[in-house]
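The values are calculated or read from the model by the stated rules, or taken from the named source; none is laboratory data. Worth saying up front: this structure is predicted, and the values here are computed from it rather than measured. Using ideal geometry, Cβ is built from the backbone for each residue, glycine included, and neighbour counts are taken over all protein chains shown. Remember, those area values only see protein heavy atoms, side chains included, never the ligands or the DNA or RNA. Shrake-Rupley method; radii C 1.70, N 1.55, O 1.52, S 1.80 Å.
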Amino acid sequence: MDIKNETLHYLGYTGQSLTDEEDRRIDEAIAEVIEVARPMTVHRVFPLSREEKRLSVPAELDLNYSSLHELLADAGDVLILAATLGLELDRRLRYYARIDASRLVIMDAAASALVERVCDKLQEALPFDSYTFRFSPGYGDVPLLLQKQIVRVLETQKRIGMTLTRSLLMVPQKSITGIVGIGGASKKRSCMGCALFENCEFRKRGTVCYATKEQMPE
Amino acid sequence: MLRNEGTNARIILREKLGKELLVFDGAMGSQLHARGSLPGELPEECNIDHTDWIVDIHANYLESGASCILTNTLGSNRFHLEDSKYSVREVIDAAVYNGRAAIERERSRCEREGIDKECFLFFNIGPLGQLLAPIGTLSFEDAYDAFAEQVDLVKDSVDGVLIETMSDPYEIKAAVLAVKEHSDLPVLACMTYDANGRTLTGTTPEAAVTLLEGLGVDGLGVNCSLGPKELVPVVEKILAVACKPVIVEPNAGLPVYTDGKTSYNVTVEEFATYIRGFVESGISAFGGCCGTTPEYIRACLQELRDTPFVPRVNASQTRVCGPTDCVRIGDRTVVCGERLNPTGKKKLKEALANHRLDEVFSEAIAQEKAGAHVLDVNVGVPGIDEAQTMTEVIRGLQEIIRLPLQIDSSDPEVLERACRVYNGKPLINSVNGKQSVMEAVFPIARRYGGVVIALTIDENGVPDSADARVAIAERIIKTAASYGIDKSDIIVDCLVLTASAQQEGALQTLEAVRRVREALGVHTILGVSNISFGLPNRPLINKTFLGMALYAGLDVPIINPLDRELMGVIDAFEVLSAKDRDSTDYVRRHAGDINTAVQGSYIDTNRTVNDTSSGASSHDESIGALVRSGRKDIIARAVERELDDSQPLSIINELLIPALREVGDLYEKGTIFLPQLISAAEAAKTAFGVLNERIVSEGKSEGKGPVLLATVEGDIHDIGKNIVKVVLESYGFAVVDLGKDVPTNKVVSAALQYRPKLIGLSALMTTTVTSMKKTIEALKDIPDICPVIVGGAVLTGDIARGIGADFYAKDAMETVAIAESLISGRSREQE
Ligand code: B12
């Protein structure tokens, strides 16, 4: 999808009128993110085996959570991926945090949009034609602890310079880890079971965080 | 028995380094996977669980021709082993034992076969797996302790240390210091680079060499990263500048995953050919990283049969570096920004005294943007803890800008602490001809690396003549040498005296500059603006003197980079001295210049540009309109105009607040969206800034706040918190923003330091609601603590109450309403 649309979506845009000046500033911020970001990805595909309702893969990776069982119900293989936009972008965002808050929020949104896009691109480039949606540790009942295993299995530090803090957050900040089922019917995402169901800023506006208005099934 | 041998081996190793080719082993990980370990398993546990595998792998490498093997300890630190069934000590003891066992096996083989061979056991240190602050959260000190723990366990049982696979220069600095301060082992240090030729944290090979040689490693280089072919440019760059022996350990190409298994795409022969190329260009040691096997090492030795060993010898250069890039002194003119020095700057003095570091940081950003290459940092104001402030400022600066810094203090204790936490190789300001000063400062430079500024002054003051100044410089350079500091790590300041007081002084200074360059072969630095004290039109004198000094051989002028005329002199000089090839930079910077000479005044072109643009685009210049359209660039002037007729408080109540209310409503209704809200809030904040200054100077009030804000530990979602911050500021609240993923103890100490009127905490994840609760509990232990307000989409009023918060706000506007009801700092009723 168009990165500008996605950026606007993250910014809560629902068709407000923009002056040329505002439009130009958004374009500039996006351009700066694209210039500073160093997108890097690492992924591996593992065959899934099922024994007595337990999922396993040939790696130190525990997939036995109900959200993942549901996600991977019809999948034959599982794609584990990590993507990051690199450290320089973090530095640049901190820089704007000191001097220009509006630039910061736009760049932040653009970066969130870009990192998702980087994952989409990676998936498109792989020779598979059907995927479930991209699931991240921290969603549903999957604890952030799983990040630790993913980081080891993918060797993210060595390959893309991504590490975890003690509280299991990723650094660089604009990073994503994902678990995607390959094959079988493609699972669609929904807001059911999300911790933010009640107060989500996206839902308040009648959208969802994982799709723009145009993409919503009415 | 092995211990004595160890000490001996160290000496032999140091002798061999750079004099003969050292051959290291290849990959451990892929060998373990081949024997059945799974992706994601801790390879270090195999030291105990599969001793036989490890000893075999080591022995195979030795047999294939390697003489240096690495213990299987890349991740043997307290962080990686946190979830392991074994302790750091267990793993490391076993790893060293396995290494020794393999060497023992090789020794008997060699004895049997009548081969004369010396083997060395290197302790392998890798990254901790967490990124260091300020970008990550691990403190430099904790990183150092973790490495030191490892080194303490092996300092008597191995022959050397190889630090590998590092991408963060700050982390490798912690590791090298830990090795050097906890052992006398020879230490080699390698970083990994990616296809862009930088490490994953953005460091160039030249900057890495600058840092590592400054720290005094015994050898340095590159490992892992990519295949040998892709490494060629990186190795070339390292070899072009390194003075220490260089080691290269490439991967066997890039990994290819098939059916859950990994293989690599460079053949044994190809690998060997590239290694021969590296040896021919002057490396001193090689080995293999991911995907290499004993066959690769064997093939390399085969390929190298007839290749003579010629290590590269480079002349030393004067270079400093920050976290990513290095600056070479003595090539193009290097501009040192002078503005982070409180001497004679009232505003900066106040900012430092009141710990308003944001103002310091903005000043740094402005200088970087204006084209400075290095920034002087001096925080010496009376009544503050200079060392503490200096380290804080350095860390804060290195979080946001990449320029190397010049650490400026007359207190060696401050220099020591600052150099320790500095990420890179700094300029150190300064030593002079006094013996006591040199004794205090040179050991610091020796330990942490640094280019030291030598002032030509001694016990008898600044000599008048150039001769005497050159003599002092010479003495300083000699003394430095006795500390093991090369003259390339000294730059001389021949000192600028005030022309109005000592008119002949200017030429003497310049003569000294010329001779220091020519006779001593050392680079020079000068604080330029001293020259013009007491004379009218100081900029004119400054410019002229700068031109003269550059021609005399000045390498580093310390100036105000925001002075575009002064910067222009440098640009012009670079053209006329043929340093700016084809005048490229000059043309780029000056093509649009307006000739100001005719008007005879000094026009800041920046400002002119701004003025025209703002005049053109905005018609309604009322304060309300400027808030609504987010014109923070021109609102300050509008407020000042308004102040001619109105009281500050009536401007706030009648113009600003209503405009903000309106903007808030429009946002609520969805008529405007986030960036528009923020711009408006920022404009209002700027207006408040002007009004506040007026109110405070009139002694009417103290201003509102401060409000402390933080996204709690474990959470990085800070967009919501940032909105709350900007909106609060737009209503005139002073906000101290602690950032995101903020540990409880940091919130508590900030609460003690700033004594806020309100503390706001934000969380967006289920998991972090617990850390919010913990934070609130800790805050409630502080006597007379202010109320705590919480927010973030994962919370509800009920949850907020449940975790002990005093208030909950669903959005930024509600937060303002609550804050207003609690804090009536500037009681409007007064008016
Ligand atoms: C943007 C976003 C990101 C961005 C973060 C950018 C940033 N700088 O914050 C990125 C892409 C980096 C990201 C990453 C992750 N995210 Co995320 N992210 C979101 C998303 C889509 C929007 C959050 C947001 O900004 N909302 C808009 C703001 C304006 O709203 P708000 O924060 O609620 O703030 C308002 C009020 O709440 C209030 N308020 C806020 N703070 C405060 C403070 C005080 C004192 C007060 C009074 C009021 C107040 O005022 C604000 C203005 O009105 C949410 C999903 C969602 N639907 O919300 C997921 C979400 C929060 N993320 C989630 C997760 C799990 C992650 C990851 C861990 C996933 C992963 N494994 O890769 C990573 C972690 C990254 C890392 N580095 O470790 C989950 C959390 C689930 C849970 N159960 O806790 C969510 C809910 C997604 C989901 N559907 O499950 N994420």
Please turn the phi angles of the stretch B:345-351 into ³J(HN,Hα) values with the Karplus equation 6.51 cos²θ - 1.76 cosθ + 1.60 (θ = phi - 60°), one per residue in order, whole Hz, x for glycine and proline. 10, 4, 4, 5, 4, 5, 4
Taking only Cα atoms, what is the 0 to 90° angle, nearest 10, from helix A:87-99's long axis to the longest principal axis of chain A? 40 degrees
Once you charge only the Cβ atoms, +1 for Lys and Arg and -1 for Asp and Glu, what is the size of the charge dipole of the stretch B:329-559 about its Cα centre, to the nearest 20 debye? 400 debye
Given H placed on each backbone N at 1.01 Å, which residues far from B:G760 in sequence or on other chains put an amide H within less than 5 Å of it? B:L708, B:L709, B:A710, B:I789
List the GluC sites (Glu not before Pro) in the stretch B:493-561 that DSSP assigns to loop (not H, G, I, E or B) and whose Cβ has at most 12 other Cβ atoms within 10 Å. Which are they? B:E504
What is the helix-to-structure angle for A:101-125, meaning the angle in degrees between its Cα long axis and the longest Cα principal axis of chain A, kept from 0 to 90 and rounded to the nearest 10? 40 degrees
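Defining a contact as two alpha carbons under 8 Å apart and six or more residues distant in sequence, what relative contact order in percent does chain B show?
After rounding, I find 7 percent.
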Calculate, for A:E198 and A:S136, the FRET efficiency according to 1/(1 + (r/R0)^6) with r their C-beta to C-beta distance and R0 22 Å; round to the nearest 0.05. 0.60
Of B:V712, B:P463, B:L352, which is farthest towards the positive pole of chain B's charge dipole, taken about the Cα centre with +1 and -1 on the beta-carbons of Lys, Arg and Asp, Glu respectively? B:P463
Checked against the positive end of the charge dipole of the stretch A:1-135 (+1 on Cβ of Lys and Arg, -1 on Cβ of Asp and Glu, about the Cα centre), the farthest of A:A109, A:N5, A:S49 is A:S49
Residues of the stretch B:721-763 that become at least 40 Å² less accessible with every protein chain present than in their own chain isolated, using 1.4 Å: which are they? B:K740
In the stretch B:286-333, the trypsin sites (Lys or Arg not before Pro) that sit in a DSSP loop and have at most 10 other Cβ atoms within 10 Å of their own Cβ are B:R305
At most 16 other Cβ atoms within 10 Å and a DSSP loop assignment: could you name the GluC sites (Glu not before Pro) in the stretch B:9-94 that fit? B:E82
Label B:N265 and B:E15 with points 7 Å out from Cα along Cα→Cβ: what is the distance between them in nm? 4.6 nm
Pick out, from B:W53, B:G18, B:P169, the residue whose Cα sits farthest towards the positive end of the charge dipole of the stretch B:2-303, with +1 on the Cβ of Lys and Arg and -1 on the Cβ of Asp and Glu. B:G18
For the stretch B:626-782, the accessible surface attributable to carbon and sulfur atoms (probe 1.4 angstrom, ligands and nucleic acids excluded) amounts in percent to 52 percent
Determine the gain in length on full extension of the stretch B:I365-B:D83; use 0.36 nm per residue of separation and subtract their C-alpha separation, reporting nm with one decimal. 97.3 nm
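Can you tell me, using C-alpha contacts under 8 Å and at least 6 residues apart, the relative contact order of the stretch B:329-559 as a whole percent?
Relative contact order comes out at 17 percent.
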Per DSSP H run of at least 4 residues, take -39500 (n - 2.57); add these up for the protein assembly as shown, divide by its residues and hand me the 222 nm value, nearest 500 deg cm²/dmol. -14000 deg cm²/dmol
Estimated FRET transfer efficiency (B:A817, B:S436; beta-carbon r; R0 60 Å; 0.05): 0.45
For the stretch B:385-430, which residues drop by 20 square angstrom or more in accessible area between the chain on its own and all protein chains together (1.4 Å probe)? B:E399, B:I400, B:R402
In debye to the nearest 20, how big a dipole does chain A give about its Cα centre with +1 on each Lys and Arg Cβ and -1 on each Asp and Glu Cβ? 680 debye
In whole Hz and in residue order, list the ³J(HN,Hα) couplings for the stretch A:5-21 that follow from phi through the Karplus curve 6.51 cos²θ - 1.76 cosθ + 1.60, θ = phi - 60°; x for Gly and Pro. 4, 5, 4, 4, 4, 4, 7, x, 6, 10, x, 4, 7, 10, 6, 4, 4
Between B:E118 and A:A73, the FRET efficiency computed from the C-beta separation at R0 = 51 Å comes out, to the nearest 0.05, as 0.25
If you line up the long axis of helix B:657-669 against the longest principal axis of chain B, both from Cα atoms, how many degrees apart are they, to the nearest 10? 60 degrees
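Using a 1.4 Å probe, what is the accessible area per residue for the stretch B:472-519, in Å²?
With all protein chains present, the stretch B:472-519 gives 47 Å² per residue.
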Please state the relative contact order of the stretch B:703-831 as a whole percent: Cα pairs under 8 Å, 6+ residues apart? 29 percent
Can you list the residues of the stretch A:105-135 with backbone N under 13 Å from a point 7 Å past the Cα of A:K188, pointing along Cα to Cβ? A:133
Inter-label distance for B:S410 and A:S56, nm, one decimal - labels placed 7 Å from Cα along Cα-to-Cβ: 7.2 nm
Say each of B:Q753 and A:D2 gets a label point 7 Å from the Cα, pointing the same way as Cα to Cβ; how far apart are those two points in nm? 4.6 nm
The B/A contact buries a total accessible area, at probe radius 1.4 Å and rounded to the nearest 100 Å², of 5900 Å²
Applied in sequence order to the stretch B:390-402, the curve 6.51 cos²θ - 1.76 cosθ + 1.60 (Karplus, θ = phi - 60°) yields integer Hz couplings, x standing for Gly and Pro, of 4, 5, 5, 5, 4, 4, x, 5, 6, 6, 10, 10, 9
